[in-house]
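Engineer: Starting off with a structure, shown below.
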Amino acid sequence: MHVWQAEGYARVFMKSQDLPPSGLLPSTLFDGQWPSPAAIEAIMAHPRFDDAGRDAANGLVALYHGERIINQVMPDRIRYIISIFALHLHFVGRPNDPNSGLTASRLCKLCAERRICSEGRAEAMLAIMRTYGHVVPAPSKADRRLRRLVPAEPLFAWHRKRCAFFFAAAAKVMPEHADALAALDTPEFMPKFIRHLARTHAEGFHYVAYVPDVRMFFERNAGGPILMSIALAGERDDTFPPSRSVPISFTGIARSFGVSHVHVRRVVQEGVSAGLLERADSGGVAISVSPRLSAGIRRVLAAYLAHYTYCAQLACADIARESAIV
């Protein structure tokens, strides 16, 4: 059974009519390449946003839990964008055009051109993806010199799992888009959704550019899940992220993501030095999230939900057009 079926999402969306709508139309979710300010404010103002934010943050933590090798060698943002660019090159490829499609050189060049990372770092991430079976060779019978790659099921499965978390969270604050979000269960949805997700990133949209206050975390190895672990550490009667100081375990977080205790402490210290986090005691085992960082966490999670919902709407529109033609 697939992950997104096992989680019971059909039941989640069946209840969506009982939730207050956000009032956002698909056309108002994005303004050019960026989530519209009105969409972000409406999502964050929704009475269920704290629940939705916790769900999305828990999803991000779960995605990186136990990923020891990748968490140690590659920052979160770079890992995600490289996988998206790989999918983008695959989808825009033309079967009979040797100058299109996914190849190592093309992917590394795209990452360097978009200033995501160096060609060498992109090549290292691609090697990891091949080791994990996320991309596999697709030799050409017509031209053996063409070393094209194709995304494999494990890569799609990773992105499906990510979608499942974000779609469930989005349904709480944008129930009027439940039909599009529920389409994750259909076989034709995922390739079309990923095509739009990849295109928007290739055109220049990045979450850390939209919310700069979270950049320093997302550009550290396991920094995103470390930040989300802190955001989730508050009591249920506290706000999300917590407005009160929260106890954290550097060792526990380190074990969760397969990184060192020293690395977690360094990420937290960088946040303290930047004025985004504050040690609530001299031992450093209790942390306070600054109002500025709290707003940044909420805003970046709202951007995730707006972006994924927007791409889901575009994917469903593609499916509808193809059905009308047939």
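The values are calculated or read from the model by the stated rules, or taken from the named source; none is laboratory data. Owing to the predicted nature of the structure, the values given are computational and were not obtained by experimental measurement. Glycine gets a Cβ as well: all are built from the backbone with ideal geometry, and neighbour counts include every protein chain shown.
Engineer: If you go through segment 252-280, how many residues are out of contact with any helix residue (DSSP H, G or I) (no Cβ under 6 Å at 6 or more places or on another chain) and of a type in the set (Val, Ile, Thr)?
Structural biologist: So the count comes out to 3.
Engineer: Does segment 195-205 include one or more residues that are in contact with a Lys or Arg (Cβ under 8 Å, 6 or more places away or on another chain) and either at pLDDT 90 or above or closer than 21 Å to GLY296 by Cα (or both)?
Structural biologist: Going through segment 195-205, the residues in contact with a Lys or Arg (Cβ under 8 Å, 6 or more places away or on another chain) turn out to be 202, 204.
Checking which are either at pLDDT 90 or above or closer than 21 Å to GLY296 by Cα (or both) leaves us with 204.
Yes, segment 195-205 has at least one match.
Engineer: If a residue must be touching a residue at least 60 places away in the same chain (Cβ under 8 Å) and more than 16 Å from the chain's Cα centre (by Cα), how many such residues does segment 217-240 contain?
Structural biologist: The number of residues fulfilling the criteria is 4.
Engineer: Please list, ordered by residue number, the helices (runs of 4 or more DSSP H) wholly in segment 1-109 having 3 or more residues that are at pLDDT 90 or above and more than 22 Å from ALA209 (Cα to Cα).
Structural biologist: Output list reads 49-64.
Engineer: Do the conditions hold for PHE218, that is, is it surrounded by 18 or more Cβ atoms within 10 Å (Cβ to Cβ), farther than 23 Å from SER36 by Cβ, of a type in the set (Phe, Trp, Tyr) and assigned by TED's automatic domain parsing to the domain that holds THR309?
Structural biologist: no
Engineer: Would you be able to say whether some residue in segment 174-189 is in contact with a Pro (Cβ under 8 Å, 6 or more places away or on another chain) and part of a loop (DSSP other than H, G, I, E, B)?
Structural biologist: Scanning segment 174-189, I find at least one residue that is in contact with a Pro (Cβ under 8 Å, 6 or more places away or on another chain) and part of a loop (DSSP other than H, G, I, E, B), so the answer is yes.
Engineer: State whether one or more residues within segment 290-313 are within 29 Å of ALA45 (Cα to Cα) and not in a helix (DSSP H, G or I).
Structural biologist: We begin by selecting, within segment 290-313, every residue within 29 Å of ALA45 (Cα to Cα); these are 290-313.
Then drop every residue that is not not in a helix (DSSP H, G or I), which leaves 290.
Checked segment 290-313: at least one residue is within 29 Å of ALA45 (Cα to Cα) and not in a helix (DSSP H, G or I).
Engineer: Restricted to segment 262-279, and to residues that are on the phi < 0 side of the Ramachandran plot and not in a helix (DSSP H, G or I), which residue is farthest from the chain's Cα centre (by Cα)? Give the steps one after another, and end with the answer.
Structural biologist: The first filter runs over segment 262-279 and keeps only residues on the phi < 0 side of the Ramachandran plot, leaving 262-274, 276-279.
Filter again for not in a helix (DSSP H, G or I), leaving 274, 276-279.
Values: ALA274: 24, LEU276: 22, LEU277: 23, GLU278: 26, ARG279: 28 Å.
Applying the filter and picking the extreme gives ARG279.
Engineer: To continue, here is another question. Being within 20 Å of ALA104 (Cα to Cα) and touching a Gly at 6+ places or on another chain (Cβ under 8 Å), is that true of even one residue in segment 154-177?
Structural biologist: Taking every residue of segment 154-177 in turn, at least one turns out to be within 20 Å of ALA104 (Cα to Cα) and touching a Gly at 6+ places or on another chain (Cβ under 8 Å).
Engineer: Between residues in segment 90-104 that are of a type in the set (Phe, Trp, Tyr) and residues that are assigned to a helix (DSSP H, G or I), which pairs lie under 9 Å by C-beta distance while being six or more apart or on different chains?
Structural biologist: PHE91/PRO191; PHE91/ILE194; PHE91/ARG195; PHE91/ALA198; PHE91/ARG199
Engineer: Identify, please: which residue in segment 113-152 is assigned to a helix (DSSP H, G or I) and loosely packed, with under 14 Cβ neighbours inside 10 Å and is, among those, modelled with the highest pLDDT?
Structural biologist: If we filter segment 113-152 for residues that are assigned to a helix (DSSP H, G or I), which is where we start, we get 113, 119-131.
Among the residues that remain, those that are also loosely packed, with under 14 Cβ neighbours inside 10 Å are: 113, 120, 127, 131.
Details: GLU113: 89, GLY120: 93, ALA127: 90, THR131: 88.
Selected residue: GLY120.
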